[in-house]
Structure formats: C-alpha cells, structure tokens
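Report on one structure; see the data block that follows.
The values are calculated or read from the model by the stated rules, or taken from the named source; none is laboratory data. Given the structure is predicted, the values throughout are model-derived calculations rather than measurements. Because the Cβ atoms are built from the backbone with ideal geometry, glycine has one as well, and the counts that use them run over all protein chains shown.
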Amino acid sequence: MTRFIPLLILISFLMSVPNYADISISGINEAQFIYRDAKDSLSTFFHNEANLRINYDNIEIGLSITANLPKYSQFDSVKDLSPTMIQYQAEKLYLATNLSGMRIRVGSFNDYFGNGIILRSYRDKTYEWDTTLNGLSTQIRSELATIKTLYGSLPNEIDDNKNDTVGGIDLTSTYLDNISFGFSLLSLNERRFDDRYRTRLVAGGRVGISYHSFDVAGEYAETKLYRNIAGTVKGQAIYGYANKYLGPLTMTLGYKKYSNFNYRMNDLPSLNSSEEPLSERVDPGYDEEGLLTGFQYYPSMTTSLSVTYSEAWNTGFDIRQSDLFIEGTKDFSSFLLGFEYSQFEALDKDRKEWFKEITPALTFDLDIFGRASHIRGQFKVENIKLNNAESTNYYPLLQYDIFFNKFSLSLNAETKIESIDDIRNDPPTWFGLEFTVRPFSHTEMKVFVGEEKGGKVCRSGQCFYTSPFQGLKINLTTRF
C-alpha cells in the first residue's frame, strides 16, 4: 500500500488546483531493453524510469516511477532469474517551494556541502550508486550568506530494511566577491553488524580566494566516531588547490591528506587523472596523502596542451601510486589531430604487487565522403608483477564514428594479446556497433549490438568491476 502513497498525494494536488492552464509538466522517460547471450535462466531484461516534475506557481512536485522485469546489473553475474521477478515502485517523491530568499524541499533530495568532502549525497546510475536522502532540506540565501540545513534517512548498507539518519548545516559567506568562507557540521547515525547504532560527527571549514591572476582554495575537516567497538575513532581530511594564470598558461597545484575519513556520505577528491584509489584493499580516505601538479597551455585557438602528474602514498610508504596524463590537440583546418598519453603505476609492498599501465592514443576528427567522422586508435600495455610472477598484456583498440543529420554510427573493436603467438592463434576480440538516432528534438534512441570486454572502471577513488557482455541493448530516452 505504501508504494501508492506518492501517487495519491500527486492526484490530490492535481484535484486541488483551480486552473490547470497554470500547471507546467516536464520530465524524462528512459526505457531500456537488454538481450544478453548467456547461459542464465533468463536472457531478456526491461527497465523503465520516468521522472516527472510538476510546477504550479511557486510549488514544485517531483516523482520517479521505475519498473524492472527483472533488474539487470552490469556488475553482477545473472543467475537463477525468473520472468516473475517484476519490480515496480513510485519513489523519489518530493515537494518543494520557493519563498523570498528561501527554498524548502520535503521528500527525496540530493545535496552537498562545500567540495563534497564532508557531505555529498548523489545518485550515479552508471555505477549503481545511490545515497539519496529522504527528509527535509532548506536553503536560505541573502546578500551576506547562504545557509543549508538538512535532515534525512537512507537505507543501511548492511540491511536495507533499516535506515541510517543524516543531519547537518552548512554556511557559506562571500566577502568583496573575492573571498569566501564556509563552515559545515554533520551528524550520521549508522547501523552496524551487532544491530546497534554508532554516531559519526563531522565538522570542517573552508576558504577560497579568487582574483584575475590566481585562485586558491582549502578545506579542513575532522570526524569523531562514537559508540564504536574499538572506542572513539578520530579522523581528518585536508584538501587544497591553487591555479596561477599567466596569459595562455595555467599552472595547477593540489594537495590531499585523509586519515580515518572514510564513510559513504562524502565524495573525496581522488586528485589524480585516472580517479584510481590508492589501494583497492583499503577504503578511500582511510590513510592517504598526495600531491598533484600540472599545466594547461593554449597558445592559440587551434592548439592546446595539458599535462597532469600526481603521486600518492600511505603513512608507511608501503603503498604508493603515480599517475601521468598528457593531452594535446591541433587543428589543421581540414582535420583535428589529438593525442593522449597516460601512465599509471601502483606498488603494494605488503602484497608484493606492482602494476603499471601505459596507454598512448591518437584521435582524428575529419570529413570522410562529406560526413563528419571521428577515429580513435589506442594501444594499452599492462604490466603486472605479483610475488615473483610477472605478466604483460596488450590491448589494441580501434574506434570509428560517423555522423549524419539525425543519426550516427560507432564501431568499436578491441583485442587482448599476451604474446606474439596470440596474434596467429585468434586472440579474444570484442566487437561492438552502436547506432544512435534522434527522430525528434526531444527523443533519442541508442541500439548497441556486440560484445563488451568488461573489467575495472574507476570514479572518484572507487573502482567497480563490470561483467563481460554479449548481446543487444536498446535505450530510448524521451524528454518532455
């Protein structure tokens, strides 16, 4: 019965509006059909998500309706499925109103404090990550300051039938349009394995200075974890960056240091180009320190060069990491040439593991037979050393995109080579073809057929492992 409550609230609101001409409705509908060629009990999946927003005067209502038959995950193996595994629900309902200098939202919401170090509640559908809160949030704006307050709950990581609660306040003030100050306070109640709750308190401040020739910003936060099995645990986070502008040249410097500052309601800057964590066996923010330096050079409208280098390490220097990324473009009028070079290296002395990945790539944007085209060639070299065993893998990749008026085609081919003999012995190869068509200005359909290698993808210091895929995907997106 509870799943119908948001719909009943929505219907009641519509019935109470005297003039329907004053109502505006907008939203997006995303439908996906998947056929997966695999030895599972079911190979077809359907997903639909409709997000509606209704505006009347200064009142806004939002609602998300999802349906799965059954749910498909790119990160998990699919076994023992049944056509009766239908999931549908009306969720993420909110009611918001804008008053003079104030916004109030009740229901489902996402929010952040500062740089996201203390709090960032968000949803990432690509990586199936969701820390959306349900509760109350307010924002008060004036010439002197902006104040945010929030109180909400979200399903517990261990038992989604239980809830964790989050409450906080954030203040930001700007002085002379060049200097900004901020202060945040957050409280989290988290359920643990022993069915008891522990309390995490987080407090921090930040400052930013911005002028025409430079900008600099820094943030510091502390956390204390109470009612924990190991007693009270303290942690801290330091993050800062600076940019110096010298005509066409911009120089960047960044620093991070996190200690016992790992919890799911924040989003710590990874401070590297690959967004890799310092170690996959240690939670991001538990024990890491790092530096980043780089520059961006734009000598003309047709030329650009960007270089970023970072290093990170833990307290004992037994886990270390380096990350180099170079990117440049040159417009030759008849075509655009781009090049990339990335080099990522990681060392874990305790596990006697060393990893190095080098990926050069070239891209071309040009007209072929009067059609805009994009070509990308990439050759990744992966070196792994574990104990005394060492291996090297090569991943050549070729991508070709061609664009027409209302549709485009993309062809992708990648293979894995472990030795020269593999070239003659039919190495594993993944082919994929994607067709994108936009029949109307508000509608887009994507059709993918082929294979996806799967493997590791990283975002904001967290890595996910996608499952290999072979089959068909159809995505239809409609905005209204």
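Values computed for the structure shown
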item: Residue count for the stretch 233-265, restricted to those that are part of a loop (DSSP other than H, G, I, E, B) and either under 21 Å from the mean Cα position of the chain (by Cα) or not assigned by TED's automatic domain parsing to the domain that holds Val202 (or both); result: 5
item: Any hit, the stretch 90-98, residues being modelled with pLDDT under 95 and of a type in the set (Ser, Thr, Tyr); result: yes
item: Answer from Asn425, Asn405, Asn387 - the residue that is polar (S, T, N, Q) and either within 28 Å of Glu276 (Cα to Cα) or outside the structural domain of Thr477 (by TED's automatic domain parsing) (or both); result: Asn387
item: Failed item, numbered, when Arg351 is tested on (1) part of a strand (DSSP E or B); (2) surrounded by fewer than 18 Cβ atoms within 10 Å (Cβ to Cβ); (3) in contact with a Lys or Arg (Cβ under 9 Å, 6 or more places away or on another chain); (4) of a type outside the set (Val, Ile, Thr); result: (1)
item: Qualifying residues in the stretch 370-394 (those that are farther than 30 Å from Ser410 by Cα and surrounded by 14 or more Cβ atoms within 10 Å (Cβ to Cβ)) - the one farthest from the chain's Cα centre (by Cα); result: Lys385
item: Any hit, the stretch 440-457, residues being touching a residue at least 60 places away in the same chain (Cβ under 8 Å), part of a strand (DSSP E or B), in the same structural domain as Leu337 (by TED's automatic domain parsing) and under 24 Å from Ile326 (Cα atoms); result: yes
item: Condition met for Leu154 (touching an Asp or Glu at 6+ places or on another chain (Cβ under 9 Å) and in a strand (DSSP E or B)); result: yes
item: Members of the stretch 142-195 found to be over 23 Å from the mean Cα position of the chain (by Cα), surrounded by fewer than 13 Cβ atoms within 10 Å (Cβ to Cβ) and under 19 Å from Asp130 (Cβ atoms), listed by number; result: Asp159, Asn161
item: Condition broken by Asp426, with the remaining ones in (1) among the charged types (D, E, K, R); (2) over 24 Å from Leu362 (Cα atoms); (3) assigned to a strand (DSSP E or B) satisfied; result: (3)
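Residues are listed down the side, and each one gets a yes or a no for (1) charged (D, E, K, R); (2) over 19 Å from Tyr263 (Cβ atoms); (3) assigned by TED's automatic domain parsing to the domain that holds Lys256; (4) out of contact with any Gly (no Cβ under 6 Å at 6 or more places or on another chain):
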site	(1), (2), (3), (4)
Lys92	yes, yes, no, yes
Tyr122	no, no, yes, yes
Lys125	yes, yes, yes, yes
Ala145	no, yes, yes, yes
Gly152	no, no, yes, no
